[in-house]
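Right, one structure below, let's go through it.
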Amino acid sequence: MTQWPEPYRIKMVETIRLTPKEERIRLLEKAGYNLFQVPAEAVFVDLLTDSGTGAMSDRQWAALMRGDESYAQARSWFRFYEVVKGITGMEHVLPTHQGRAAENILFSTLSKPGLVIPSNNHFDTTRANVEFFGAEAVDLVVPEGKDIHAKLPFKGNMDLNLLEDLLRSRGRAGIPICMLTVTNNTGGGQPVSLENIRATSALCRKYGVPFFLDACRFAENAYFIKQREPACAGMSILEIARAMFDCADGATMSAKKDGLGNIGGFLALRDGDLAVQLKNALILREGFPTYGGLAGRDLEAIAAGLEEVTEEPYLAARVGQVARFGEALIANGMPILEPTGGHAVYLDAKGAFPHIPGEAYPAQSLTVALYSEGGVRGVEIGSFMFGKKDPQGKLVPSAMELVRLAVPRRVYTDNHLGYVAEVAGEIVRHKERFGGFRIVEEPPFLRHFTAKLAPLA
Ligand SMILES: Cc1ncc(COP(=O)(O)O)c(C=O)c1O
C-alpha cells in the first residue's frame, strides 16, 4: 500500500463556508491583519492549530455520557488513571485542564532563579512557565533540527554533546530537570528517536538529573520511530510508547493533541514525594487530585482518545495525510520545511516571498495572503512571533520565517488540503502582488496574539 485510508467513516458533518474575497479583505483590515482576531466562522479551512481542534469518535462521544461527576474518587477518574498508567507505566497521575497547567504546576515547584532547564526545544508555554518562575530555558536540539531543508529522519533529537557539557558544568544543583519534547513542535513537529531518548535519559541519570518528556504528541513520535528506526520496526505503537516513557521520570501532557480531546492534560510521575508536593499545587490551582481541572466526562473522553491514538491504522492515516499535504504544496511550487512533521506543514516564507525582507514580516504577509486568497488560516512563526529588538529598538529578524499549517485530527479530508495547496501555489505564482507589513500597535509580550499591523505602502 502506498496510501492508508482513514480507519473511520464520517457520521456527522459541520458546514464551512468560503466567504467572498471582499468580505475576507474587510475582515483582515478590521483584525489589524492578525489572523488570531479573525472570526472562526469566516475561515474556510482552519489550520491555526491541531490543539483541541480534533474530531472525537463515536466511542468518545458515548464516553462523555458515562462521565461520573462525583467530586472525589469518581468512576471516571479511575478509568482515566488506568489508561494513563497503562501507557506511561507511571504510578502518579495528576489531571489538569490543559498542558500548560501541568507545566505551571511542575515549574512552580522546580524552577527557580539561577537554575537552568534544558530541552531539545521548549514549546512557548513551557518556556514561559520555566522563565516565569525564574530558571533559564535552553534549547539543545541537534544542528540539523535548525536546517529546514535537511531531509533527515530524527531532526527533533537532543544534541547529546551540548547536553553533557551543560550537565557537567552546572551539575544536579544547577539543573532541576531536563525536558524532551516529542515530537518537537517548535522545531517543525520533527520526531526524536528512541535511541536519542534513551541516550538523553542515560546522561541525565549519570548526573542525577530527573528527565521528563513533554509527551503531547507521544503517539505520532512512536509512529515515526516504528517507521524510521529499524530496531523498532517489529514493535507495536504501545510497546514503543512504553519504551519512551520507561526512560523518563515523569511527563507533561496536553490531551488536546494525542489525547484526542478538545480540552485536558495531565502530569505523570514516578517519584511519590514530588507527586505529593505537586498535588498541593494542583489543589490550589486546578482542583481535587481525582479531577484536577476536568469534568468527569472529559476524563472519560480523553481515556477513550488515548486508547484510539495508539492504533496504528489511525497513525498511518494521520501522518500519511500530513506527508501528502507537504507533497501537494511542493508540487504547487510552495517551499516547505522538510521532511514534514507529524502534525503540521511549515511553509518557508523566505523561499516563497524572497522580495520581502525580514523587517517587513514575510511570513505574516504569507499568512495574510492565504486568508485573503483562499480563506485559509495558518499561524506565523517568524519575526512577528519571535523577532527581537536591538538596543536602538530596531527589529532583529528571526532566523526562520515560517507559516505553520497545523492539521486538526480527523477533521479535514485530502480534498480540503489539496485546495489549500492550490491556493498556496497561486500565491507563489503571483508573489509580486504581495507586499510587507509594519506593526502599528503591540502589547508588551506575546505580541502575535493581539498586535495590529498595516500593509507597507
Ligand atoms: C509541545 C507542546 N507542549 C505544550 C503545549 C501546551 O499545551 P496546551 O495548549 O494544552 O496548554 C503544546 C500546545 O500546543 C505543545 O505543542
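Overview of results
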{"quantity": "Some residue of segment 2-16 being touching a Leu at 6+ places or on another chain (Cβ under 9 Å) and either open to solvent by less than 40 Å² (accessible area, probe 1.4 Å) or at pLDDT 95 or above (or both)", "calculated": "no"}
{"quantity": "Conditions (1) open to solvent by 30 Å² or more (accessible area, probe 1.4 Å); (2) modelled with pLDDT of 95 or more; (3) β-branched (Val, Ile, Thr); (4) closer than 17 Å to residue 448 by Cα: number failed by residue 413", "calculated": "(4)"}
{"quantity": "Filter result for residue 301 (among the hydrophobic types (A, V, I, L, M, F, W, C), part of a helix (DSSP H, G or I) and either in contact with an Asp or Glu (Cβ under 8 Å, 6 or more places away or on another chain) or more than 15 Å from the ligand (Cβ to nearest atom) (or both))", "calculated": "no"}
{"quantity": "Among residues of segment 4-52, those that are in contact with a His (Cβ under 8 Å, 6 or more places away or on another chain) and more than 16 Å from the ligand (Cβ to nearest atom), counted", "calculated": "2"}
{"quantity": "Strands (runs of 3 or more DSSP E) wholly inside segment 48-151 that include at least 3 residues being within 21 Å of residue 290 (Cα to Cα) and of a type outside the set (S, T, N, Q)", "calculated": "92-96"}
{"quantity": "Every residue from segment 185-215 that is within 16 Å of the ligand (Cβ to nearest atom), out of contact with any strand residue (DSSP E or B) (no Cβ under 6 Å at 6 or more places or on another chain) and closer than 19 Å to residue 116 by Cβ", "calculated": "186"}
{"quantity": "Residue list for segment 37-91, filter: open to solvent by less than 60 Å² (accessible area, probe 1.4 Å), among the hydrophobic types (A, V, I, L, M, F, W, C) and within 30 Å of residue 246 (Cβ to Cβ)", "calculated": "56, 63, 74, 77, 80, 83, 84, 87, 90"}
{"quantity": "All positions within segment 242-269 that are small (Gly, Ala, Ser) and either away from the ligand (no atom under 16 Å from the Cβ) or assigned to a loop (DSSP other than H, G, I, E, B) (or both)", "calculated": "243, 248, 255, 259, 261, 264"}
{"quantity": "In segment 204-213, the residues that are buried (at least 20 other Cβ atoms within 10 Å of the Cβ) and assigned to a helix (DSSP H, G or I)", "calculated": "204"}
{"quantity": "Members of segment 428-457 found to be over 19 Å from residue 381 (Cβ atoms), at pLDDT 90 or above and in a loop (DSSP other than H, G, I, E, B), listed by number", "calculated": "430, 435, 456"}
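The values are calculated or read from the model by the stated rules, or taken from the named source; none is laboratory data. Being a predicted model, the structure only gives us computed values, none of them experimental. Don't worry about glycine lacking a Cβ; one is built from the backbone with ideal geometry, like all the others, and counts go over all protein chains shown. Just the protein is used for accessible areas: all its heavy atoms, side chains included, with ligands, DNA and RNA removed. Shrake-Rupley method; radii C 1.70, N 1.55, O 1.52, S 1.80 Å.
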